[in-house]
Amino acid sequence: MDAEKRKRYENISAEIVRLAGGRDNILGIAHCATRLRLVLEDNDKADTQAIEDVDLVKGVFVAGDQLQIIFGAGLVNDVCQVMADSLHMDSMSLGDLKSKANKRMNPLQKALKALSDVFIEIMPGILAAALLTGLSSVLGNIEFVQNNDTLYGISRLINISSGAIFGFLPLCVAYSTVKRFGGRPIMGIVMGCIMLTNSLADASAAAQGTVEVTTLHIFGLPVDLIGFQGGIIVALLIGIVTAKLDIFFEKKVPEVIRLLVSPLLTTLVSSFLLFMIIGPIGRGLADGITAVLVWMTQHLGVIGYAAFSAVQQLIVITGLHHVFGAIESQLLVDTGRNFLNPLMSVAMTAQGGAVLGYLAGHLKDAKAKELCIPSFISVLFGVTEPALFGVNLRYRYPLIGGCLGGAVGGAVVYFTDLAALGFGTTVVPGIALADPANNGYINYIIAHVIALAAGFLFALLIGLAFSRKASAQTAPGNNTQTAAQTAGSVAEQEKKTEKAELPEEIDAFASGEFIGIEKVNDPTFAQKILGDGVAILPSEGKIYAPADCVVEMVMDTKHAVGLRTAAGNGILIHVGIDTVSLQGKYFDVHVSDGQYLKKGSLIMEFDKEKIAEEGYDTAACLIFTEPADGSHVEREAERTVAVGEKIAVITE
């Protein structure tokens with residue numbers, strides 16, 4: 001990498017660090033093929049919109065626990081390395097980065113993060129299926145299309161394409177889950193094929209009793225040979241199990257037979273667990289949850305209706321909702337009216353409103369528009385997976401807003417006695433199924449408009465509340481630690497706010513041999529990649545403030561500090577070469593972030609002899625990382641200096 005490129009990447013790195021909330025907010029750094037990935041202490045401190053304007057950045061988004069910055073293949077490797085060097089932080093593997101991030105999350109957050117990761121991988125397919133489903137629904141209701149051979153053929157192909165993607169969604173989930181948890185993705189595809197094989201009875205047909213189910217008996221336990229269509233939770237669980245088994249057998253099976261035996265054992269054990277444990281548990285959850293929800297709507301009046309619509313889309317997330325079709329069929333047979341259909345429809349609409357609520361709070365975010373608009377369009381045709389997995393579950397609070405909006409819509413359905421005369425179609429196309437009795441069509445529209453508005457408002461208000469809370473927590477006035485650290489005399493506090501004039505003298509920050517930065521045994525410093533500077537070969541292990549300044553950063557490895565002088569010059573004092581590897585050993589820092597220092601104040605002590613004994617160069621460097629605009633550095637002659645002697649002047 002030539003010097004010009006490296007300098008450009010250094011500038012990019014510095015901007016990203018600043019906009020990501022500063023060095024102290026960055027816990028880990030890594031990269032994949034195209035994206036720089038940062039784990040931050042607080043994601044809310046990152047200005048993602050401003051980062052998008054940084055040189056060479058092609059896009060920015062926060063995915064759960066990571067700030068991901070898109071640079072492109074090849075370029076990201078260089079930018080990541082330069083950033084790691086400038087931060088004196090080792091670039092991590094993606095696995096280590098995830099481990100670092102996971103330490104910040106509680107079990108619920110980890111579960112939601114894993115779920116989000118799985119669906120982000122397959123989101124393009126879900127979006128495609130959703131929009132194709134909507135298009136198929138529109139074309140299917142146009143008589144001219146149905147009477148024209150060519151248009152009818154096109155409509156049928158669109159219908160087949162959309163149905164195929166959703167029909168094989170458990171396979172996609174199994175694939176993505178195995179990949180997310182470290183197994184070979186092909187093993188997830190294998191398990192997905194087993195879940196959906198034609199050798200098993202179709203799950204929906206089995207639930208409606210229209211197909212005969214074969215039951216095996218293994219070790220005295222009954223095993224129903226039913227497929228797992230719609231079994232998202234089952235696919236997630238078996239994906240995790242398959243990934244862990246794949247990793248286990250790859251390590252334990254001798255290499256000479258590994259290629260044959262390892263996948264055999266993984267598939268065999270996973271299949272037994274699928275049919276004997278994981279599958280029955282998933283079906284038991286489906287039956288239990290469905291029974292409870294239906295009981296609530298039949299016995300708790302408006303509360304039951306509201307509760308059903310509030311949580312129905314949570315059931316969709318799990319994939320346990322496919323049995324509702326059988327219940328709707330039975331309702332039509334028994335009563336001729338299906339009250340569940342409009343309840344599910346308003347629940348979907350409320351989640352669509354929540355998507356718009358999230359978008360309203362991020363109108364300047366191009367990525368939000370790119371994801372939210374097609375997700376909302378798919379909701380209009382009764383397909384909520386893109387909205388749920390792409391937006392609401394991913395950012396959490398829109399999901400809450402959507403559930404609350406669904407509850408409001410459910411109450412409207414109850415009071416208007418709204419019902420359907422069929423099932424299988426919802427939201428905009430679903431109006432065709434509405435029972436026209438008691439102004440049914442008008443009430444259908446009213447219920448959906450109210451659910452949409454409620455989902456929008458709840459998501460928007462909750463989002464604003466979260467933003468205000470985050471702003472309050474990060475406001476300078478609320479940082480009690482910094483306030484305590486910077487507390488001092490009234491004169492000092494006033495002095496901190498006064499900007500000194502150039503020229504500004506820089507004194508020796510250590511006693512020893514004063515030399516030019518180009519003589520330091522480190523190319524980053526010697527080539528002035530981080531900026532111009534000076535160095536001292538210290539005679540004792542003490543570092544002092546070279547000017548009146550404020551501490552901006554203390555490295556967690558204690559070997560470096562960032563300072564801002566009274567004239568506004570940003571400087572970095574770095575003790576030793578590659579001493580970041582010592583991880584703070586032999587260093588004792590006496591200052592903290594935000595602390596005001598007078599010239600000559602003791603900053604740190606270090607054991608120079610022991611550092612040298614471990615093979616590290618002990619040169620102490622002072623880099624002018626952010627000199628005032630239009631200024632330059634005039635250095636004094638090289639010589640032996642004592643603390644407090646002038647070694648440089650920053651002048652205009």
Flagged pairs (Cβ under 7 angstrom, 6 or more apart or on separate chains; first in segment 56-78, assigned by TED's automatic domain parsing to the domain that holds Ile26; second hydroxyl-bearing (Ser, Thr, Tyr) and at pLDDT below 75) are Gly64/Ser116; Ile70/Thr34; Phe71/Thr34; Gly72/Thr34; Ala73/Thr34; Val76/Thr34
With respect to Phe228, determine if the residue is assigned to a loop (DSSP other than H, G, I, E, B), in the same structural domain as Leu132 (by TED's automatic domain parsing) and either over 29 Å from the mean Cα position of the chain (by Cα) or not β-branched (Val, Ile, Thr) (or both). yes
All conditions in (1) surrounded by fewer than 22 Cβ atoms within 10 Å (Cβ to Cβ); (2) touching a strand residue (DSSP E or B) at 6+ places or on another chain (Cβ under 9 Å) are true of Val575 except (1)
Of Leu237, Leu245, Leu273, Leu259, the only residue that is assigned to a helix (DSSP H, G or I) and either under 26 Å from Gln313 (Cα atoms) or not assigned by TED's automatic domain parsing to the domain that holds Phe166 (or both) is Leu237
Exception for Val54 within (1) modelled with pLDDT of 85 or more; (2) not in a loop (DSSP other than H, G, I, E, B) falls at (2)
Exactly one of Ile377, Ile373, Ile431 is under 23 Å from the mean Cα position of the chain (by Cα) and of a type outside the set (Lys, Arg), and that residue is Ile373
Margin query: Among the residues in segment 196-213, are any at pLDDT 90 or above and within 33 Å of the chain's Cα centre (by Cα)?
Written below: yes
- Query: Taking Thr384, is it modelled with pLDDT of 90 or more and more than 23 Å from Phe466 (Cα to Cα)?
  - Reply: no
Within segment 133-188, restricting to residues that are at pLDDT below 80 and of a type in the set (Val, Ile, Thr), the one that is farthest from Val316 (Cα to Cα) is Val138
Counting only residues that are farther than 29 Å from Ala360 by Cβ and assigned to a helix (DSSP H, G or I), segment 401-440 contains a total of 3
Can you find a residue in segment 387-395 that is surrounded by fewer than 19 Cβ atoms within 10 Å (Cβ to Cβ), of a type in the set (Lys, Arg) and not assigned by TED's automatic domain parsing to the domain that holds Val57?
no
query = Taking Met553, is it in the same structural domain as Pro523 (by TED's automatic domain parsing), within 25 Å of Asn25 (Cα to Cα), touching a helix residue (DSSP H, G or I) at 6+ places or on another chain (Cβ under 6 Å) and of a type outside the set (Ser, Thr, Tyr)?
reply = yes
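The values are calculated or read from the model by the stated rules, or taken from the named source; none is laboratory data. Keep in mind that this is a model prediction, so the values were computed, not measured. Using ideal geometry, Cβ is built from the backbone for each residue, glycine included, and neighbour counts are taken over all protein chains shown.
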